[in-house]
Amino acid sequence: MTTAFEPPRPPYAQYSKLGELHLSDYLAYFKAMRRNPLEVWGEHHFSIRMAPFRFLGRSNLLLSDPEGIHHCFVTRADNFTMNPLRQAVLKPFLRDGLLTAEGETWKKARKAVSPVFTPRKVNAFAPLIRQVCEDATDRLAEKDGQIEPMAQFMVDLTLDVLMETLFSGDEALDKAEFTQGIHDLLELSGVPHPFDLIHLPGWIPRFGQSKARRVIEDLRRQVTRVAVARRARPSPEEEGRAADFLDLLLGAGLDDEAVTDNLLTFLAAGHETTARSLAWTLYLLSRDEETRERLEAEIDAAPLDETDPSDWSRLLPWTEAVIKESLRLYPSAPLLARTSKEWDLVRGVPVPAGTDVVISTWLLHRQRDIWDQPDAFIPDRFLGEAAKDIPRDAYLPFGIGPRVCIGARFAMMEMVIVLACLLRKLRLDYAETRDPLPVLKITLQPDTKVEMRVNLRSQA
Ligand code: HEM
């Protein structure tokens, strides 16, 4: 039996003792937090199910226990609301979009936006996604024999997919200007401001954030302009074109402000997450020859050209299992954070009001007593009988409960289409001198460019 590939991970933190933090621990924590928040976890965090602790005067609960998770995020979701730190990072940009809205505003928004993500509506985007992927594959194929940075390739590709599905290349939008704004924002954001980390109130100015705010305002203006122009146009049926997300949101009765909030939310929530997951998947495949050959064989044998791309995942179960396993090892949105409104008891542990409850899916997906060979790349665990053995609520790349990712179906469909289009024509070999390590900057990013040599595949 061959041993499964185990990708390298960031080093473990060394703390004095859990629950008894010393000054040196605080210093180590802040250093790690600035360098790479994944480095705050010690080896023991991968075995602990529930870790209540106090930090900087606040009560915290680190949760890797599926039943405890179910309690906080499903059964008592009403008592565990959005965490202030997460809101401080995201709310200035996304305002009352679905990701950051709260209470009644969120309920109304989720109800209004849900019809936009029905399987039928999502499937209708598949041919367009395929087209964008085929074009990108052809451009990459021209680089046969060369080395290309695949992390950037995926950022560009998933942005193209979203631009097409959100706005269908609407001429009211200056695509180059908008894309530049998104890239600027990616550069400027991503790490929580130190003031937010220590929970200073929002009215205290955060230095270095005025540029980000300007970029955000500019992006908002551009999106609102497109929404206003689109309202004045005939409907997609009248114009004989396929509806995009903008049409669907306008059709759902949202006002211009809410349409802007949600379009930017789909971009923020659906762009980098998908791009990172795809880059990690390519990296894993290039390090595991057997898995890659099996995936190529599956893609070569499937009647893809005769099948609507929304149905490709049914034809490509191994490809889908590879993506699921990649999302387990590298959950691209790896923190689910809430704060309790009132006192509660979670699996026998008292949780005072105001407790920050955090699920790190980086920890949950690698828990020693939940997963066999937790750090190894084994897509088989998501197939057949093995998949049934995965405990409920132990695998949460798209979150859980009422606030579970509304774009999960779209993202899975997109990732299958991207891999099928790319790997049908190309073989991509990792070409850097060292393997990438994940760095947490809101999403889980590789710390290399994931450079790969592009090779045309000669089809048998
Ligand atoms: C691999 C890709 C993706 C991953 C890993 C991912 C992950 C997640 C996670 C973990 C959450 C829950 C956050 C929380 O509970 O705090 C979430 C929420 C959300 N996601 Fe995704 N997502 C992905 C793609 C997408 C796409 C493509 C879209 C839209 C086009 C999208 C839209 C959203 C929205 C709107 C929410 C907020 C839902 C709510 O609070 O009601 N996501 N996502």
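None of the figures in this text is laboratory data; all of them are computed from the coordinates on show. Predicted model only: the values in this text are computed from it and were never measured. Methodologically, a virtual Cβ is constructed for each residue, glycine included, from the backbone with ideal geometry; neighbour enumeration extends over all protein chains shown.
Which helices of the chain meet both criteria: a Cα extent of 30 Å or more along the helical axis and a mean Kyte-Doolittle score no lower than -1.0, with helices taken as whole DSSP H segments?
Numbers: long enough: 210-231 (32 Å, -0.77).
Correct list, ordered by number: 210-231.
For the chain, excluding the exposed loop sites themselves (GluC sites (Glu not before Pro), DSSP loop, at most 16 other Cβ atoms within 10 Å), the longest remaining stretch covers 172-341.
Treat every Asp and Glu Cβ in the stretch 23-456 as -1 and every Lys and Arg Cβ as +1, leave all other atoms uncharged, and give the resulting dipole magnitude about the Cα centre to the nearest 20 debye. Before the final figure, lay out the partial values.
On the way: 55 positive and 66 negative charges, 356 e Å.
Its charge dipole is roughly 1700 debye.
Selection among 42, 52, 113 by position relative to the dipole of the stretch 25-126 gives 113 as farthest towards the positive end (Cβ unit charges, Cα centre). For chymotrypsin sites (Phe, Trp or Tyr not before Pro), the sites in the stretch 334-379 that DSSP calls loop and that have at most 16 other Cβ atoms within 10 Å are 343. Legend: calculated FRET efficiency, residue 225 to residue 447, from the Cβ-Cβ distance at R0 = 35 Å, rounded to 0.05, equals 0.40.
With a threshold of 22 Å on the Cα-Cα distance, the over-threshold entries among 108/441; 211/441; 31/341; 91/175; 143/449 are 108/441; 31/341; 91/175.
Full extension of the segment from residue 307 to residue 349, taken as 0.36 nm per residue of separation minus the current Cα-Cα distance, would add 10.0 nm. Going from the fewest other Cβ atoms within 10 Å to the most, the residues 299, 147 appear in the order 147, 299. Taking the fewest neighbouring Cβ atoms within 10 Å as the starting point, the ordered list for 22, 45, 183 is 22, 183, 45. Taking other C-beta atoms within 10 angstrom as a stand-in for reagent exposure, 424, 314 fall in the order 314, 424, fewest first. Over every Cα atom in the stretch 339-378, the radius of gyration and the widest Cα-Cα span, Dmax, amount to 14.4, 41 Å. For the chain, 72, 405 have no disulfide-compatible partner, since no other Cys C-beta lies under 4.7 Å from theirs.
Would you mind computing the Rg to Rh ratio of the stretch 281-331 from its alpha-carbon coordinates, Kirkwood style for Rh?
Working: Rg = 11.5 Å, Rh = 11.5 Å.
So for the stretch 281-331, dividing Rg by the Kirkwood Rh gives 1.00.
Using only Cα atoms, figure out Rg for the chain and give it as a multiple of 2.2 N^0.38 Å.
Numbers: Rg = 22.1 Å, N = 460, 2.2 N^0.38 = 22.6 Å.
Output field value: 0.98.
Nearest 500 deg cm²/dmol is fine: what mean residue ellipticity at 222 nm does the chain get from its DSSP H runs of n ≥ 4 alone, each adding -39,500 (n - 2.57), divided by its residue count?
Values: 20 runs with 218 residues, N = 460.
So the calculated ellipticity at 222 nm is -14500 deg cm²/dmol.
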